[in-house]
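First up is the structure itself, then whatever we jot down about it.
A short reminder: the numbers here are calculations on the coordinates, not readings from a lab. All of these numbers come straight from a predicted model, not from anything done at the bench. For neighbour counting, all protein chains shown are included, and Cβ atoms are generated from backbone atoms with ideal geometry for every residue, glycine included.
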Amino acid sequence: MSQMTAIKNSEVSHLAFLNDVLSGLTKRQKTLPCKYFYDDKGAALFEQITTLKEYYITRTEFAILAAYAPAIAQRLPPKLTIIEPGCGSGKKVAYLLSQLVNVRAFVPFEISTEMLNYSLTHLSAQFPSLVISPLQGDFTHSLTVKQLSKETALDSHTNLVYFPGSTLGNFDPLTAIKILKNFHRLCGINGYILIGIDLIKSRHTLLDAYDDKAGVTAAFNKNLLTRMNNELAANFVLCQFSHQARFNEKHSRIEMHLVSDCCQTVMIGEQKIAFKQGETIHTENSHKYTLASFKKLAQQAQLMLTDTWQDEDGYFALCLLRPY
Ligand SMILES: C[S@@+](CC[C@H](N)C(=O)[O-])C[C@H]1O[C@@H](n2cnc3c(N)ncnc32)[C@H](O)[C@@H]1O
């Protein structure tokens, strides 16, 4: 029997969104947390990005999964509970679930109600006998993770935390270590973490992946402005901002920005936010790793890199970590 828990449509509270926006847009370098990309429209645009020719990440990760699923399955014990923080549409875990036998349960752990409901509907139709126990929350919040793992008695099972898509790369190294520590807690001392990481490659390939010709990534980035207009009574004029992708060599990361094309003032409710011409809102980071730099990062969360699986071009890696 598929076990579906009703999900409250609370999502990220309106107040938290407003606070994050006001605090981000009043900094010297204006910023917005990337978790706000994924409303309904943002999630649909992201799905579109994953099919673009320039966006090598999704198809490369799927190809690695397809080639090495038996090898990965061999490294994992039976009766696993699979937890997927930021599961999105759940398409990747669906493939993994189809390759593993005897999975005890699946726990999608999402901040977005829309994505949680979407993955629940699709996965329960595809795997009718799978126990699915959704959790709504923010995987960066250590307290939330601690509470959720206690409430759901995750400690009493052998857990695999599955974190594909190089989502870890969206966080600066200190936050990434904190997240890995949260995953360490979620998987428990006998558990496993299977994580997808994007590897350093040519600047040209990287920039194209985040600035496609059809403008889908631009629309995804600008959707943050629409979301603020709709949910926070803001009045961003979309055609007065441009999407920009940059490679930051020092931090080994792609950055996405929204550039103000003119000098302008925007209202967020009652609050005025002034923009100079050329000033940007830094909306996302995507850190790129080497296997050595990732291994070092994982060690700081007391996690040992035991296995890696890569594509022929060395674009992407699936890494298995164990707590120590
Ligand atoms: C880039 S998508 C990746 C989806 C999927 N894991 C994949 O690899 O295709 C990121 C997903 O993580 C979710 N997410 C982002 N930040 C989150 C957070 N702090 N806590 C929980 N979920 C989060 C988003 O709602 C979105 O569905």
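Please state the relative contact order of the chain as a whole percent: Cα pairs under 8 Å, 6+ residues apart?
Once normalised by length, the contact order is 20 percent.
Would you calculate the separation in nanometres between label points at residue 126 and residue 239, each defined as 7 Å from the Cα along the Cα-to-beta-carbon direction?
Output for this residue pair reads 4.1 nm.
Among residues other than residue 323 whose Cβ falls under 11 Å from its Cβ, what is the net charge (Lys/Arg +1, Asp/Glu -1)?
+3
As a test of the formula, what do you get for the chain when each DSSP H run with n ≥ 4 contributes -39,500 (n - 2.57) and the sum is divided by the residue count, at 222 nm and rounded to the nearest 500 deg cm²/dmol?
Dividing the helical sum by the residues of the chain leaves -11500 deg cm²/dmol.
Given the pairs 222/288; 27/178; 27/53; 178/250; 27/146, which are separated by over 26 angstrom at their Cα positions?
Check vs 26 Å cut-off fails for 27/53; 27/146.
If a paramagnetic tag sat 7 Å from the Cα of residue 203 along the Cα-Cβ line, which residues of segment 247-268 would have the backbone N under 15 Å from that point?
Counting only backbone N, you get 247-255.
In degrees between 0 and 90, to the nearest 10, how far off the longest principal axis of the chain does helix 216-232 point, with axes built from Cα atoms?
Its long axis makes an angle of about 70 degrees.
Counting other Cβ atoms within 10 Å of each Cβ, which trypsin sites (Lys or Arg not before Pro) in segment 217-256 have at most 11 and sit in a DSSP loop?
250
Tell me, what is the percent relative contact order of segment 168-324, built from C-alpha pairs under 8 Å that lie six or more residues apart?
The value is 31 percent.
Using DSSP to call loops (not H, G, I, E or B), can you name the GluC sites (Glu not before Pro) in segment 157-259 whose Cβ has at most 12 other Cβ atoms within 10 angstrom?
For GluC sites (Glu not before Pro) across segment 157-259 that sit outside H, G, I, E and B with at most 12 neighbouring Cβ atoms in 10 Å, the list reads 249.
Can you pull out the trypsin sites (Lys or Arg not before Pro) in segment 256-324 that DSSP calls coil and that have at most 10 other Cβ atoms within 10 Å?
Those that pass, being in a loop and sparsely packed, are 276.
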